[in-house]
1. Look at Gly383 and say whether it is buried (at least 24 other Cβ atoms within 10 Å of the Cβ), out of contact with any Ser or Thr (no Cβ under 8 Å at 6 or more places or on another chain) and among the small types (Gly, Ala, Ser).
2. When region 292-326 is examined, which residues are found to be more than 16 Å from Pro358 (Cα to Cα), in contact with a Ser or Thr (Cβ under 9 Å, 6 or more places away or on another chain) and touching a residue at least 60 places away in the same chain (Cβ under 8 Å)?
3. When region 327-338 is examined, which residues are found to be touching a helix residue (DSSP H, G or I) at 6+ places or on another chain (Cβ under 6 Å), in contact (Cβ under 8 Å) with a residue 40 or more places away in the chain and of a type in the set (Val, Ile, Thr)?
4. Could you tell me which residue of region 228-256 is nearest to Ala139 (Cα to Cα), considering only residues that are surrounded by fewer than 21 Cβ atoms within 10 Å (Cβ to Cβ), hydroxyl-bearing (Ser, Thr, Tyr) and touching a residue at least 24 places away in the same chain (Cβ under 8 Å)?
5. State all residues of region 109-128 that are touching a residue at least 60 places away in the same chain (Cβ under 8 Å) and assigned to a loop (DSSP other than H, G, I, E, B); if no residue qualifies, say none.
6. Could you tell me whether Gly304 is in contact with a helix residue (DSSP H, G or I) (Cβ under 7 Å, 6 or more places away or on another chain) and at pLDDT below 95?
7. Give Thr26, Thr32 a once-over and let me know the one that is closer than 21 Å to Asn182 by Cβ and modelled with pLDDT under 95.
Amino acid sequence: MFTRVSCASPAKLFCTANIMIDQLNTMETTATATPVKKQGMYDIVMEQFAHAAEVMKLDPGVRKILSKTNTEIVVHFPVKLDNGSIEVFTGYRVQHNNALGPYKGGLRYHATVDLDSARALAIWMTWKTALAGLPYGGAKGGIEIDPKKYSSGELERITRRFTYALGDNIGPDLDIPAPDVNTNAQIMAWIADTYSSTKSPSTRFANLHVVTGKPLGAGGLEGRDRATGFGVVATLKTWAERSNRSLKGMRYIVQGFGNVGYWTAHFLEREGAILVGVQDAGATYHEPAGISPEALNDHSAANGRNLSGFTGAATIDPQRFFAIDCEIVVPAALGNQITAANAGTITAQVVAEGANGPTDTEGEAILRANGVDIIPDILCNSGGVIGSYYEWLQNKRSEVWKIEEVLEQIHDKIAVAFNSVVSTAKEFDTDWRTSAYIVALRRLEKTYKERGIFP
């Protein structure tokens, strides 16, 4: 595979190298000390894609196209730290497909960021935007970094230098990044300012929507911060309404209490649901009587976005988290959290995937065998990219929209997508995840058949 690599050079200058990339697979040790290869996110997404393609009998040519990424960008760039030393960082941007419109997808700052994870997440974004009916393709990327180790000033320099290294590989009508794990509105503002500053003065304001998820003062959309969590709850409401039920009184647990986890809990509390368990990297809590999402968020904000030390619930063994008695499980952290090791302990009625790829193939098989509904990630957490779409439109039209309008639009699009998934599942006699893929793949297949392949 040929991968473009920027050798810490300005904008468009890239070195082309034939890079052999080995998949790094985390090895687990069983009780008998036999090494077992853990399934990676890229393996999972490709397995899911292959299964959906077989079920729907996807056109072979289109299947070949969609099985490959369009562009994979790796950049190595130097940054001077506060102590005067120089550190070289590695950033990634994978652009999977743009048949339906500009590439769209988040940037994450995390130690686990690599080319394989970026590939998987970019592919998921293609399916997600197609399923939501948006004029976007899919991309993803980020920097291999633990942001907690760096000061605010250092993160600004790292972000601006990364943006400069990406150069014209992103753009408001080419590839539009957004916040993801460990990135936020401030980081998006730095990216927008850096990118716009490389353009001529007469076109700078026409480039501010190179990213979405910006602060309101920088052209952001009111409500964008809560869009993903709101979307998770919108899917749960639609799920409950299918059986003439209400979310009121339902108990739920949330893994991960960042932006998605908090806003999911916030909106679920409004629906009368009860938070009985929560987990992040620092702590795991269980309280059958209920945990206040607002008190938990206040503690997290004052504790560096860490839940450790919270006194409003009892701590439990992290390994027991998914076994907490409840009706709803919301994994809203990282991928591969529900596996064969813990899926059998889940007694909930539904798993609402707020994170990308939180359930591996073996874990999903166990959940389905046990009658647990799974609202797949490309449907469940699509509120974020739908919100991004309306921010992008707002910027292009030089308009300002109210939060109530935004949330209503998100709810409507998610409801339409959910109903399409349910009806397609019945048509093909398949599960909701495969059905969600089929809805997305049908749209892409139709586009390729109508447009043809150049030349």
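The values are calculated or read from the model by the stated rules, or taken from the named source; none is laboratory data. Since this is a predicted model, take the numbers as computed values, not measurements. Because the Cβ atoms are built from the backbone with ideal geometry, glycine has one as well, and the counts that use them run over all protein chains shown.
1. Answer is no for this residue.
2. Correct list: Ile324, Asp325, Cys326.
3. Across region 327-338, the qualifying residue is only Val330.
4. Thr238
5. We begin by selecting, within region 109-128, every residue touching a residue at least 60 places away in the same chain (Cβ under 8 Å); these are 109-110, 112, 114-117, 119-121, 123-128.
Scanning region 109-128 gives Thr112, Asp114.
6. No.
7. Matching residue, one of Thr26, Thr32: Thr26.
Residues checked against (1) touching a strand residue (DSSP E or B) at 6+ places or on another chain (Cβ under 8 Å); (2) under 26 Å from Thr198 (Cα atoms); (3) modelled with pLDDT of 95 or more; (4) surrounded by fewer than 24 Cβ atoms within 10 Å (Cβ to Cβ):
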residue	(1), (2), (3), (4)
Glu87	yes, yes, yes, yes
Gly105	yes, yes, yes, no
His110	yes, no, yes, yes
Pro135	no, no, yes, yes
